[in-house]
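Since the structure comes first, as structure tokens, the remarks are kept for the end.
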Amino acid sequence: MAATQEEIVVGLAEIVNEVAGIPTEDVQVDKSFTDDLDVDSLSMVEVVVAAEERFDVKIPDDDVKNLKTVGDATNYILKHQSA
Amino acid sequence: MNATNRTVVVTGIGATTPLGGDSASFWEGLLAGRSGVGPLTQDWAAQLPVRIAAQIAVEPGESIPRPQARKLDRSAQFALIAAREAWADAGYTGKAGGEASLDPNRLGTVIASGIGGVTTLLGQYDILREQGVRKVSPHTVPMLMPNSPAANVGLEVNAQAGVHTPVSACASGAEAIGYAIEMIRTGRADVVVAGGTEAAIHPLPIAAFGNMMAMTKNNDDPEGASRPYDTGRDGFVLGEGAGVVILESAEHAAQRGATAYCEAIGQGLSADSHHIAQPEPSGSGIARALQNLLDATDLGPAEITHINAHATSTPLGDVAELKALRKVFGNDVDHMAISATKSMTGHLLGGAGGIETVATVLALKHRVAPPTVNITELDPEVDGDIVRDKPRELPAGTIAALNNSFGFGGHNVALAFRTI
């Protein structure tokens, strides 16, 4: 069952909270992982691995660099998750 | 004093140890003669021949938030806790160049461990085998590298004069502090955060040290297992924790009105070149380190009133150190109160020089030598005045104290401190 956009944002918020300690309510679609959420390039790998597992999606390393914001990641997952 | 021979003082101390989570509770435990050794109750310990250790009194998770802790090896967590205490104790808050009015280019860190991020390395290998490549933490390398505690403390205080990690097994912590003294003495830095840390309580190191016959297997009496100088000693007890000091040039400390605990006089170094893991039994290598200390500094044997000995509770090592003291200091050894604090803390490997320097600094401050516990029958080969069972008052006036640390590989480090 594919996740909705809202479910993905909630899921990413929980992951970012676990990885970087940012309160879930601060994780919004317009927020930059690096600039706003204290997720550096290493921690971003953790976010990606957790998101892959949670949303049953593959995010190749080459695509990770394009996921600047929570919205970017949400759209990527919406588009690529298994139906 | 010219720019290349400056006086160095200790202006802050911090520790997290098996006896307590800060330097005050650590010192209190030492004076009370309390053992930090207990049984290992983890499932993995059941199969091991050694099932005791001196585990940390206060888990680091109580002061380091989880998002930060998950990027730090346990040894770096200990170092950070001890460094934060020492930094605050020295009167600093925040980062150099920010809240702390200190030039980052004049601030260094030198923090060492004996075997680095060993629990991270082994834990991530378990994850690799059990959960696959993708689950190996991207933080693994910066967590397991031996310089990680020094680097993380450096980031915390914004140290830019240099961040270093001398590695010499169980002498690492002392070597770090000696290195830091030299950084200040020779003018590279005004302030250095220095010490040692270790977190190696894990089945592999325990199995390996156990198979070397280096550890006691006295599982039935954890508190009595670490017994330096006793006839029944049969190896060390593994401990964990960190000790950190703030070293500062005397001028810098005076300019900012900081109170110094004592002078950090300097270090004496040597290498045995005898055996990869056994001490040279006559203590000749250790003696050369002590002689080098006397030759390199204005320290004289007459003023040394206390020695925090390396004394790990091994048959050969404890006595070799005493032979070296007699060889170099002669009759002056008789007025030196010798304490083996590992009888209470266990052996913190690279952390030992850190917490034992903290203990030595506090011994000078309070003019009290902590006791050596668990000597029921003093080894007749012991030639020296061992402080047994209860603390002992140290004399008034200007007095000096040594902290000795030796490591597998034949590394010998003697550090000297003096009241101001």
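The values are calculated or read from the model by the stated rules, or taken from the named source; none is laboratory data. Since the model is a prediction, treat every value here as computed from it, not as a measurement. No Cβ is skipped: glycine too gets one built from the backbone with ideal geometry, and neighbour counts run over all protein chains shown. Protein only, heavy atoms only, side chains kept; ligands, DNA and RNA dropped before computing areas. Shrake-Rupley method; radii C 1.70, N 1.55, O 1.52, S 1.80 Å.
Taking the conditions exactly as written (in contact (Cβ under 8 Å) with a residue 12 or more places away in the chain, open to solvent by 10 Å² or more (accessible area, probe 1.4 Å), over 30 Å from B:Arg6 (Cα atoms) and out of contact with any Lys or Arg (no Cβ under 8 Å at 6 or more places or on another chain)), does B:Gly317 satisfy them or not? Judged against the criteria, B:Gly317 is a match. Summed over the stretch B:230-275, the residues that are part of a strand (DSSP E or B) and of a type in the set (Gly, Ala, Ser) give a count of 10. B:Ala169 satisfies every condition listed in (1) small (Gly, Ala, Ser); (2) within 19 Å of B:Ser405 (Cα to Cα); (3) open to solvent by less than 10 Å² (accessible area, probe 1.4 Å) except (3).
Checked against the criterion of being open to solvent by less than 30 Å² (accessible area, probe 1.4 Å), more than 14 Å from chain A (Cβ to nearest Cβ) and at positive phi, the candidates B:Gly187, B:Gly224, B:Gly178 yield just one match: B:Gly187.
When residues in the stretch B:35-50 are screened for being in contact with a strand residue (DSSP E or B) (Cβ under 6 Å, 6 or more places away or on another chain) and over 27 Å from B:Ser23 (Cα atoms), 1 of them pass.
So, in the stretch B:3-21, of the ones that are of a type in the set (Val, Ile, Thr) and touching a strand residue (DSSP E or B) at 6+ places or on another chain (Cβ under 9 Å), which residue ends up farthest from B:Arg185 (Cα to Cα)? Here the residue is B:Thr17. Any residue in the stretch B:325-333 that is crowded, with 24+ Cβ neighbours inside 10 Å and not assigned by TED's automatic domain parsing to the domain that holds B:Val245? The answer is yes; a qualifying residue exists.
Inspection of the stretch B:143-163 identifies at least one residue that is surrounded by fewer than 20 Cβ atoms within 10 Å (Cβ to Cβ), within 14 Å of chain A (Cβ to nearest Cβ), out of contact with any helix residue (DSSP H, G or I) (no Cβ under 9 Å at 6 or more places or on another chain) and closer than 19 Å to B:Gly243 by Cα. Answer yes if at least one residue in the stretch B:50-61 is within 25 Å of A:Asp40 (Cβ to Cβ) and away from chain A (no Cβ under 14 Å), and no otherwise. Checking the stretch B:50-61: at least one residue is within 25 Å of A:Asp40 (Cβ to Cβ) and away from chain A (no Cβ under 14 Å).
Restricted to chain A, the set of helices (runs of 4 or more DSSP H) holding at least 1 residues that are within 14 Å of chain B (Cβ to nearest Cβ) comprises A:5-20, A:33-37, A:41-55, A:61-64. Note on the stretch B:168-212: residues that are within 18 Å of B:Glu85 (Cα to Cα) and either of a type in the set (Asp, Glu) or outside the structural domain of B:Ile115 (by TED's automatic domain parsing) (or both) amount to 1. Taken together, the residues in the stretch B:1-43 that are in a loop (DSSP other than H, G, I, E, B) and polar (S, T, N, Q) amount to 8. The residues in the stretch B:250-291 that are within 23 Å of B:Val358 (Cα to Cα) and touching a residue at least 40 places away in the same chain (Cβ under 8 Å) can be counted, and the count is 21. Within the stretch B:288-308, the set of residues being among the small types (Gly, Ala, Ser) and either in contact with a Cys (Cβ under 8 Å, 6 or more places away or on another chain) or surrounded by fewer than 24 Cβ atoms within 10 Å (Cβ to Cβ) (or both) comprises B:Ala296, B:Gly300, B:Ala302. Open to solvent by 20 Å² or more (accessible area, probe 1.4 Å) and either modelled with pLDDT of 95 or more or within 14 Å of another protein chain (Cβ to nearest Cβ) (or both): does that describe B:Asp43? So B:Asp43 passes the test. Across the stretch B:62-73, the qualifying residues are those that are open to solvent by less than 70 Å² (accessible area, probe 1.4 Å) and more than 22 Å from the chain's Cα centre (by Cα), and the one among them that is nearest to the other protein chains (Cβ to nearest Cβ) is B:Pro67. The residue that is most open to solvent (accessible area, probe 1.4 Å), among those in the stretch A:65-83 that are under 22 Å from A:Gln28 (Cβ atoms) and more than 10 Å from the chain's Cα centre (by Cα), is A:Lys79.
In the stretch B:127-150, the residues that are within 15 Å of B:Leu80 (Cα to Cα) form Cβ pairs under 7 Å with partners that are among the basic types (Lys, Arg), at six or more places apart or across chains, as follows: B:Met143/B:Lys71.
Let's see how each residue does on (1) in contact (Cβ under 8 Å) with a residue 40 or more places away in the chain; (2) closer than 18 Å to B:Thr314 by Cα; (3) surrounded by fewer than 24 Cβ atoms within 10 Å (Cβ to Cβ); (4) polar (S, T, N, Q):
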residue: B:His347; (1), (2), (3), (4): yes, yes, no, no
residue: B:Thr357; (1), (2), (3), (4): yes, no, no, yes
residue: B:Thr372; (1), (2), (3), (4): yes, yes, no, yes
residue: B:Gly384; (1), (2), (3), (4): yes, yes, yes, no
